[in-house]
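Worksheet for the structure shown next.
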Amino acid sequence: MDWINISEESVNKLLFLWAKSPINLAYDADKKIILVNQPNQAKEYRIRHSIQSYFSESDNSLQKLDFQNQVIVSIKSGMAVTALYENGHLADHKVFRAYMVRKKQGKSQIKHLKTKGKSRAGSRVRLQETLEFFENINERLESYFVEKRIDLIAFSCSSTLLPYFFNSKKATPFEKSDVRIFKIPVHVPSATFENMEKTYRTISQTKIWVDEGNREFLQAYLSQSQTEGDSRQDNDDDW
């Protein structure tokens, strides 16, 4: 099974019921995940909420955020995309490309340098394009941070490329430890505009992990919430 869409209304009904039961709730703010633990059960159930909302630990509920500016950064070898969203609407985006991949070996110049070092002219060209690649990304990002108040940074970058991004000659407009960073929790196959839009839609949805081990457990509580409260089923629920 997999992460499945669920409305925040349904999540709040579940949280209300669980708060009155022996079930334990915990919250991972970095991952935006609510962890649900049944007594005497080792397994955790997970709800990942939308970047458009926040979890109120005082009353165990999801609440809609006010106006937010959000940045997406996705970096792959030879390709990257940045985007600025103003309250959920795409305001700007840019795709970056660089000649970084060694065609015959199929690996980036950065990985080659770690094992062989730079040698021929082609390697020097790839290295120079790699450095400019990260400088251009950071220049674009800086324009976002100068012009807008940025509330969230949805970020995806391989560990190999991280040092080049954060140690670029053009400084990154945020630190690696910035609390606004939200590591994109889904695989991004390539840093294209289409994948960026798909990624943003995904992290803008509230999802619940459903497998054979928790489907019956969750369905029982959803049924109970419908009988105790508003029994109308939200059309956003996919399961």
>> Multiplying the sequence separation of residue 216 and residue 94 by 0.36 nm and subtracting their Cα-Cα distance, what value in nm do you get?
In response: 39.5 nm
> What is the dipole size for the stretch 8-79, taken about its Cα centre, with +1 at each Lys and Arg Cβ and -1 at each Asp and Glu Cβ, in debye to the nearest 20?
Replying inline: 280 debye
>> Under 5 Å between amide hydrogens, which residues at least 5 positions from residue 53 or on another chain qualify, with H placed 1.01 Å from N in the peptide plane?
In response: 65
> Considering only protein heavy atoms and a 1.4 Å probe, what is the carbon-and-sulfur percentage of the accessible area of the stretch 1-97?
Replying inline: 44 percent
> Heavy-atom accessible area of residue 166 with all protein chains present, probe 1.4 Å, nearest 10 Å²?
Replying inline: 40 Å²
>> Once R0 is set to 22 Å, what does the formula 1/(1 + (r/R0)^6) return for the Cβ-Cβ distance between residue 162 and residue 131, expressed as a FRET efficiency to the nearest 0.05?
In response: 0.90
>> Set the bar at 32 Å for Cα to Cα. Now go through 148/169; 148/198; 43/94; 64/170; 64/169 and name every pair that lies beyond it.
In response: 43/94; 64/170; 64/169
> Could you name the aspartates and glutamates in cross-link range of residue 20, using Cα to Cα under 15 Å and dropping any fewer than eight places away on the same chain?
Replying inline: 57, 59, 228
>> Spelling out what I want: for every residue of the stretch 153-164, take phi, set θ = phi - 60°, compute 6.51 cos²θ - 1.76 cosθ + 1.60 (Karplus), and round to whole Hz; glycine and proline get x.
In response: 10, 7, 10, 9, 7, 5, 4, 5, 8, 3, x, 6
> With the other protein chains left in place, how much accessible area per residue, in square angstrom, belongs to the stretch 168-209 at a 1.4 angstrom probe?
Replying inline: 58 Å²
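The values are calculated or read from the model by the stated rules, or taken from the named source; none is laboratory data. Since the structure is predicted, the reported quantities are computational estimates derived from the model, not experimental observations. All Cβ positions, glycine included, derive from the backbone under ideal geometry; neighbour counts span all protein chains shown. Heads up: the accessible areas ignore ligands, DNA and RNA and are worked out on the full protein's heavy atoms, side chains in. Shrake-Rupley method; radii C 1.70, N 1.55, O 1.52, S 1.80 Å.
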